[in-house]
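Following: one structure in structure tokens, then a few remarks.
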Amino acid sequence: MTQKDSDYGFRTRAVHAGNDVDKDSGAIKRPITMANSYELPYDPTSINWSDAGPNLYTRNGGTNQKYLQERLASLEGGEDCIVLASGVSALSALFFSNLNSGDHVVFSDVTYIATYRLLNELFNRKYGVETTMVDTSDPENVRRALKPNTRLVHIETPGNPTLKISDIEAIARICHERGVKLSVDNTFASPFNQRPLEHGADFCVESLTKYINGHGDAMGGAIIGRRKDLESIRAQSQINLGGVISPFNAWLIMRGSVTLPLRMKAHNENAMSIARHLKGLPCVSFVSYPGLEDDPGHRIARKQMGPGFGGVVSFGLRATHDQYNLFVSRLRIIVSAVSLGHDESLIVFLGEDDERRELFDEHFRKGFLRFSVGIEDAEDLIADIDQALEAVGLL
Ligand SMILES: *Cc1c(COP(=O)(O)O)cnc(C)c1O
């Protein structure tokens, strides 16, 4: 794309950003470059081996990674992007680069499990970083938790697995008044539904394994933000921590991301139909989906999300432990598996023995299902749920 990126719509950028004609072959799709090393200049003593810019060695950065970075920076509306081997490697790169011993970090009480473990166990117990978990759905809790040594606030919205919503703009304002940086995990929404940088976040971090790749066949993660904030993270995370993505996975994610807007539209619509259907069933004890008008996060979700609210719905059944497992085993289309954001529907039974259980709101503690609604026909998914509930005697 030669014109300014932001002159184009989201779908155009999902197709074209980061793609170009391959100069060697004339192919209109860029090739996968699997080489580990690149030819050195005449005088290799001039090389700065801590530089993640030029093509030297694939751990310093590779071409497929760079194409994907260009696309994601464009989709998230950021200046620059770092693509790494997984969402967790993106999170750990962000934390390792921004937090020193003696610093303080505030983060959402309900987050992806590795975020919780990285901050609470590794950074707190091993490296002397102070941590405070708060319910970030009330921005005032963030304000109250800030200390003179707070360096970073990290929130997840919608949060995994409860779909709790936090107000990005209000929290960014509170952070910036105190010179603190804000990072937002945007995995659940994807840039199609929410772009945290536009709401004042300093870093957007996400798993590409989920919606952005979308086909359940590759792992990746990304950090998007200002170029100057990303420089030191890039060198650390790739060259010294080694979390570099394989060129093949970067290429797969690049291909998957082309249809992100089309798939997200289907995920949004299907999840809304399913949330409404579940709401009407007497055997369903609660439904958590920010698209529902009576959801506690709906007002804020409408402000910062759109066109839709994503594809994950969490819900409880008036069921015993055994009935939950039996229900899942009777599903015919929906697959029992972790992960989310794949083309196919995935469901997982969570809550009862989760190490974060005490942090969950009461109704989640009795066990619940996290349903990643796929892009199949909504009627087929609804019929699948109903037949499995019936088989277990719940309907
Ligand atoms: C899955 C997930 C991650 C981790 O991503 P991986 O690619 O599995 O390492 C981080 N944050 C959220 C919200 C996730 O759902």
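Structure data summary
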read-out: Residues located in region 1-20, provided they are β-branched (Val, Ile, Thr) and open to solvent by 70 Å² or more (accessible area, probe 1.4 Å); value: Thr2
read-out: Some residue of region 357-368 being without any contact (Cβ under 8 Å) to a residue 40 or more places away in the chain and not in a helix (DSSP H, G or I); value: no
read-out: Lone unmet requirement of (1) of a type in the set (A, V, I, L, M); (2) closer than 30 Å to Asn120 by Cβ; (3) under 23 Å from the mean Cα position of the chain (by Cα) for Val328; value: (3)
read-out: Flag if Gly200 is more than 16 Å from the ligand (Cβ to nearest atom), farther than 22 Å from Gly306 by Cβ, small (Gly, Ala, Ser) and modelled with pLDDT of 95 or more; value: no
read-out: Within region 44-65, considering residues that are free of Cβ contacts under 8 Å to residues at least 40 places away in the same chain and closer than 17 Å to Thr33 by Cα, the one farthest from the chain's Cα centre (by Cα); value: Leu56
read-out: Total residues in region 31-56, condition closer than 25 Å to Ala73 by Cβ, open to solvent by less than 50 Å² (accessible area, probe 1.4 Å) and not aromatic (Phe, Trp, Tyr); value: 5
read-out: Whichever residue in region 99-108 is of a type outside the set (A, V, I, L, M, F, W, C) and open to solvent by less than 40 Å² (accessible area, probe 1.4 Å) and, among such residues, is nearest to Thr150 (Cα to Cα); value: His104
read-out: Matching option when the condition is away from the ligand (no atom under 12 Å from the Cβ) and either closer than 29 Å to Gly351 by Cα or of a type outside the set (A, V, I, L, M, F, W, C) (or both), among His154, His176; value: His176
read-out: Failed item, numbered, when Asn325 is tested on (1) polar (S, T, N, Q); (2) farther than 22 Å from Leu381 by Cα; (3) at pLDDT 95 or above; value: (2)
read-out: Qualifying residues in region 210-251 (those that are of a type in the set (Ser, Thr, Tyr) and within 14 Å of the ligand (Cβ to nearest atom)) - the one most open to solvent (accessible area, probe 1.4 Å); value: Ser246
read-out: Filter pass, His342 being in the same structural domain as Lys279 (by TED's automatic domain parsing) and touching a His at 6+ places or on another chain (Cβ under 7 Å); value: yes
read-out: Selection within region 369-395 - within 26 Å of Arg263 (Cα to Cα) and part of a loop (DSSP other than H, G, I, E, B); value: Val373, Gly374, Ile375, Glu376, Asp377
read-out: Count of residues meeting criterion [within 23 Å of Ile212 (Cβ to Cβ) and surrounded by fewer than 24 Cβ atoms within 10 Å (Cβ to Cβ)] in region 351-373; value: 1
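The values are calculated or read from the model by the stated rules, or taken from the named source; none is laboratory data. Please read all numbers here as calculations on a predicted model, not as lab measurements. Cβ coordinates were reconstructed from backbone atoms using ideal geometry, including for glycine residues, and neighbour counts include every protein chain displayed. Calculation scope for accessible area: heavy atoms of the full protein, side chains included, ligands and nucleic acids excluded. Shrake-Rupley method; radii C 1.70, N 1.55, O 1.52, S 1.80 Å.
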